[in-house]
Amino acid sequence: MIVTSFNKKLFDEYAWKFIDSYLDKEIKIPLHIYVEDGEYPSYVGRNITFHNLFEEDPECKAFVHRNRSRQPTNYMKDGVRFCYKVFAQYQGSKLGDKMLWIDADSVFLNYIDEEWISNVLGGKFVAFFDRPGMYTECGFMAYDLTKPCSPAFFEQFRNMYITDAIYKLPDHTDCHAFDYVRNMCKRLEGYSEKPLGQYKKHRKLHVMALDPFMSQYIDHRKGNRKQKDKSPELL
């Protein structure tokens, strides 16, 4: 399955392109979208399911309400902004055998299927775009949910927010939460990692766009790339 999240404002701004590209490429992998507000178009018969994140996981709503008065000095300190991704991954981890997390400011460039996900994973529990010496790029994540470490990993991931432990880290994005939890979980049975991308080679931040493999399939138009026809770095 593919999992993402957004709210109505972000849908109107750019996330509709994510859905349109999914449909345009005729991708058959089920798409699960976690939202917390708004009314969305009906995609009956298109293998797309909307979930109300606040209803399915009240702990997400509680975290948001408990911390909404915090005044982050920059986006790296905005724990609320990035919490939805983690709660959505936790809920999505209950739904199938393999899961792709893809940020909703991405578009599909080519068809992908379940075999494609297996190739990305390469038999590991989690595949991600590593940036050694920096925090992980978490715009794309692949998980094999059949591994015995999966429930404990996602419980720990979610607990970073339920306990407000995210605010004990130097920075408060989902990327920093992921890096902390994956280091905690490395001794769990079945835990293994597959680093993606070529950050060590080129030391550029947009590792997805600069990866010869991923750049054929997904364009993550993050930051000021959202309103562009493609990421300028895209190979």
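When ASN119 is tested against (1) open to solvent by 10 Å² or more (accessible area, probe 1.4 Å); (2) in a loop (DSSP other than H, G, I, E, B), just one condition goes unmet, and that condition is (2). For the range 122-152, filtering for residues that are surrounded by fewer than 21 Cβ atoms within 10 Å (Cβ to Cβ) and either of a type in the set (Gly, Ala, Ser) or out of contact with any helix residue (DSSP H, G or I) (no Cβ under 9 Å at 6 or more places or on another chain) (or both) leaves 9. Across the range 193-209, the number of residues qualifying as part of a loop (DSSP other than H, G, I, E, B) and within 12 Å of THR136 (Cα to Cα) comes to 5.
In the condition set (1) more than 16 Å from the chain's Cα centre (by Cα); (2) open to solvent by 20 Å² or more (accessible area, probe 1.4 Å), ASP179 is compliant with all but (1). If you filter the range 210-224 down to residues that are outside any loop (DSSP other than H, G, I, E, B) and open to solvent by 40 Å² or more (accessible area, probe 1.4 Å), you find that the one that is nearest to PHE108 (Cα to Cα) is GLN216. Of the residues making up the range 59-98, those that are loosely packed, with under 15 Cβ neighbours inside 10 Å and in a loop (DSSP other than H, G, I, E, B) are ARG68, SER69, ARG70, GLN71, PRO72, THR73, ASN74, LYS94, LEU95, ASP97. Every test in (1) of a type in the set (Asp, Glu); (2) closer than 21 Å to PHE6 by Cα; (3) touching a residue at least 40 places away in the same chain (Cβ under 8 Å); (4) open to solvent by 50 Å² or more (accessible area, probe 1.4 Å) is passed by GLU55 save one, and that test is (3). Scanning for something assigned to a helix (DSSP H, G or I) and at pLDDT 95 or above, does the range 128-151 turn up at least one residue? Among the residues of the range 128-151, at least one is assigned to a helix (DSSP H, G or I) and at pLDDT 95 or above, which makes the answer yes. Counting only residues that are closer than 30 Å to LYS168 by Cα, open to solvent by less than 40 Å² (accessible area, probe 1.4 Å) and not β-branched (Val, Ile, Thr), the range 30-50 holds 2 of them. Checked against the criterion of being under 28 Å from ASP164 (Cα atoms) and surrounded by fewer than 20 Cβ atoms within 10 Å (Cβ to Cβ), the range 18-27 has no qualifying residue.
The values are calculated or read from the model by the stated rules, or taken from the named source; none is laboratory data. Since the structure is predicted, the reported quantities are computational estimates derived from the model, not experimental observations. Cβ sites come from the backbone with ideal geometry, for glycine too, and all protein chains shown count toward neighbours. When the accessible area is computed, the model is the full protein with side chains, heavy atoms only, and any ligands, DNA or RNA have been set aside. Shrake-Rupley method; radii C 1.70, N 1.55, O 1.52, S 1.80 Å.
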